[in-house]
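For reference, the structure discussed in these notes is given below.
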Amino acid sequence: MSGAQSGSSPEGAAGATADAPTVLVVDDEPSNLSSIEKIFQRDGMRVLTASSARAALDLLRSHRVEVVLTDLMMPGTSGLELLRAIKQLAPDTECVMMTAYGTVETAVTAMREGAYDFVEKPLKRMTIIKSVRKAAERRSLVAENRSLRQEIKLLTKREIIGSSPALRRVLDVATQAAPSSATVLILGESGTGKELVARSIHDHSARKHAPFVAVNCSAIPETILEAELFGHERGAFTGAFARREGRFAKAMGGTLFLDEIGELSPSVQVKLLRVLQEGEYEPVGGDTVRADVRIVAATNKDLRAEVAAGRFREDLFYRLNVIAVTVPPLRARREDIPLLVDHFLGIYCAKNNRERLEAPREVLARLMDYSWPGNVRELENVIERAVVLCRSDTLAIDDLPESIRESSDTAPGTITFSVGTPLDEVERRLIRETLRYARGDKSVAAQLLGISTRTIYRKLGEIET
């Protein structure tokens, strides 16, 4: 016998249920193939058969197979060689080896190379069914776990959401800086998404395939921050029972993101300055090590004021401040709020197994009126809370926290422009902000701006084009 035999199509095996596993039996003895095929068919499985390794691989290329049951000792390509080929061609497929007396040692070798189990000849019906069923269950669990991990990754993946001019300017600078080796200093209030900007810089750099290691300098006690960053040798201090790599070593070849850089102690500032100047550092109690990392730092403090107060080294500040970007607060990019709300609704409805909720205009208006002292992080928490508490398929103002329900802007806000901002950009932002304050009423906005409603429409047309 040569080639492949199909005792029954895997889609149409007699008695097979819709979720029955497909098993591929490989043996060069026709009588063995026939008897094993009948055993699995009676148990409700789908069965494919092949009398050689080559035929088995051909079937694997054209069929989804949960488990391969193969003889270990076959002429030509052995079962062990077939196992290796299966792990290359269909790595998720589980393999059970059939072995005669005296080849158990070879079967153990096969298990080391990825086989799920082995059964000894002469075969016992219940033994092979049990082994193949367990192998199929394991494959199903592995696939399910992989799917869940991917789903969790998609749900928890953080990305920068928004299209406002203020945010676009920051991202343009970050994208330009990313391919370089320059140190980047990211400024901005807490909760604005400084780490997301840092990750974006890493993802668009030549180091994107190496690690991105984030360190919150304010969350690590000052007494151990130096060891956490630079590592330590065994016995370097009391309690150092083993050598430990620091975050610089873990980020080797990649990017080290130092958040809340303004919280560094003077001693750590000195060591960080050496890294930036000389490209090397010393683990606590160890010898000098080369530092192949790109540093991106962030802070919500005014580092110039910290330098003036003597709390931050001036030379370190200038080393960090090669390229500085300031992430705008949420109140400076209110037009991004609807996009952010939609994004967070998608995440938290999925996490809480809810149908996708809608945010009506009045809810969005109330959210856009709020000043958001906690920025995007606060908005995310508010939406998560609303998803959990909402009792219908549409968010209501009552689903929002009291501080937001009762908030209202009774006076126009202040718009700040950097020196050199183009006049057309000043005009665009002023019109947008006035319209927001007027709750979209162009007549009121025109009166506040001292222009005609027709001018508002004309300017809006220019903005939209």
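The values are calculated or read from the model by the stated rules, or taken from the named source; none is laboratory data. Keep in mind that this is a model prediction, so the values were computed, not measured. With ideal geometry, Cβ positions are generated from the backbone for all residues, glycine too; neighbour counts draw on all protein chains shown. Quick note on the areas: whole protein, heavy atoms, side chains included, nothing else; ligands and nucleic acids left out. Shrake-Rupley method; radii C 1.70, N 1.55, O 1.52, S 1.80 Å.
A probe of 1.4 angstrom, applied to the heavy atoms of all protein chains, finds T453 with accessible area near 50 square angstrom. Only Cα pairs under 8 Å and 6+ residues apart enter the sum, and on that basis the relative contact order of segment 269-319 stands at 35 percent. Would you work out if segment 206-271 is rounded, prolate or oblate? Take a ≥ b ≥ c from the square roots of the eigenvalues of the alpha-carbon gyration tensor; rounded if a/c is under 1.5, else prolate when a/b is larger than b/c, oblate otherwise. Cα axes put segment 206-271 in the oblate bin. Between D292 and G253, the built amide H atoms are under 5 Å apart, and every one of these is 5 or more places off in sequence or on another chain. For K134, K301, the ranking by accessible surface with the largest value first comes to K134, K301, using a 1.4 Å probe.
Viscosity 0.890 mPa s, temperature 25 °C: give me the Stokes-Einstein translational D for segment 296-385 in µm²/s, with Rh taken as the Kirkwood radius over C-alpha pairs. Answer from the Stokes-Einstein relation: 156 µm²/s. In plain terms, the chain from K250 to D292 could stretch by 14.1 nm, reckoned as 0.36 nm per residue minus the Cα-Cα distance. Can you give the % of DSSP beta bridges in the chain that are antiparallel, to the nearest 5? If I count the DSSP bridges inside the chain, around 10 percent turn out antiparallel. The figure for L423 is an accessible area of roughly 150 square angstrom, using a 1.4 Å probe on the protein chains alone.
For segment 223-368, the Kirkwood radius over C-alpha pairs fed into Stokes-Einstein at 25 °C and 0.890 mPa s yields D = 132 µm² per second.
Ligands, DNA and RNA aside, M252 has an accessible area near 80 Å² when probed at 1.4 Å. In this calculation the C-beta distance from E137 to S163 is compared with R0 = 56 Å, giving a FRET efficiency of 0.75. Helix 53-62 and the long axis of the chain differ in direction by around 40°, with both axes built from C-alpha atoms.
Residues M111, M368, ordered by accessible area of protein heavy atoms at a 1.4 angstrom probe radius and largest first, appear as M111, M368. Each of S190 and E314 was given a label point 7 Å from its Cα along the Cα-to-Cβ line. The distance between the two points is 3.0 nm.
Would you mind getting the accessible area per residue of the chain, heavy atoms of the protein chains only, 1.4 Å probe, in Å²?
53
Share of carbon and sulfur in the accessible area of the chain stands at 49%, probe radius 1.4 Å.
With the convex hull drawn over the C-alpha atoms of the chain, the volume per residue is 249 Å³.
Against the chain, whose longest principal axis comes from its Cα atoms, helix 423-437 is set at around 80 degrees.
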